[in-house]
Amino acid sequence: MAMVTANYISAGQTRLMLAVAELLLTPRLNATAALNAVTVFWPAGLVNFNLQASTNLADWSSWIHAVVNTNGQSVATDANASFSFFRLSASAPRFPPAPLTYGTESLAITTNGATATIVTNAGASGGKYVSFNSAAAGNSVTFVLTNVPAGVYDLELSFRAVANCGTLTLAAAS
């Protein structure tokens, strides 16, 4: 499981509005060839994707041979190079899956030297946003997402702040 942390450290008196962090899943299938063998690999932990193989792009079948997890990758080897084409197929009815969206107003909030309040506003995503009320340099607010499924993501963070009043840090760790 991965953890995503958004942290804003104030450089003085400021108000900060954080609305949404969005995660988009975009799996990528990679391949290497050596002599008569083909090895395909993709990020481990993708639960709704199945490896399929074909010799002609028209007739696809599920991969029935071993798939091993190595260094965070799912790895399948066609030792006889009997297939020419490979793809990841989504077993879910939609591809790509709907984005994982987290509103900051529903996350655990930790502040250092300032207050953070949840404000109702029809213009904010989900109808609410977090207002960070900093009064001095070094004040900070931290939002932490936990139990995010392993995968490859595009991170998007929307916020509004007074110009030249602080630093925004976005970090992802497993």
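The table below lists the values:
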item: Search result, residues across region 31-56 that are modelled with pLDDT under 85, more than 26 Å from the chain's Cα centre (by Cα) and assigned to a loop (DSSP other than H, G, I, E, B); result: Leu35, Asn36
item: Check on Leu16, over 15 Å from the mean Cα position of the chain (by Cα) and at pLDDT below 75; result: yes
item: Single residue of region 112-152 satisfying the filter (in a loop (DSSP other than H, G, I, E, B) and at pLDDT below 80) that is nearest to Leu168 (Cα to Cα); result: Ala135
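The values are calculated or read from the model by the stated rules, or taken from the named source; none is laboratory data. Quantities reported herein were computed from a predicted structural model and do not represent experimental measurements.
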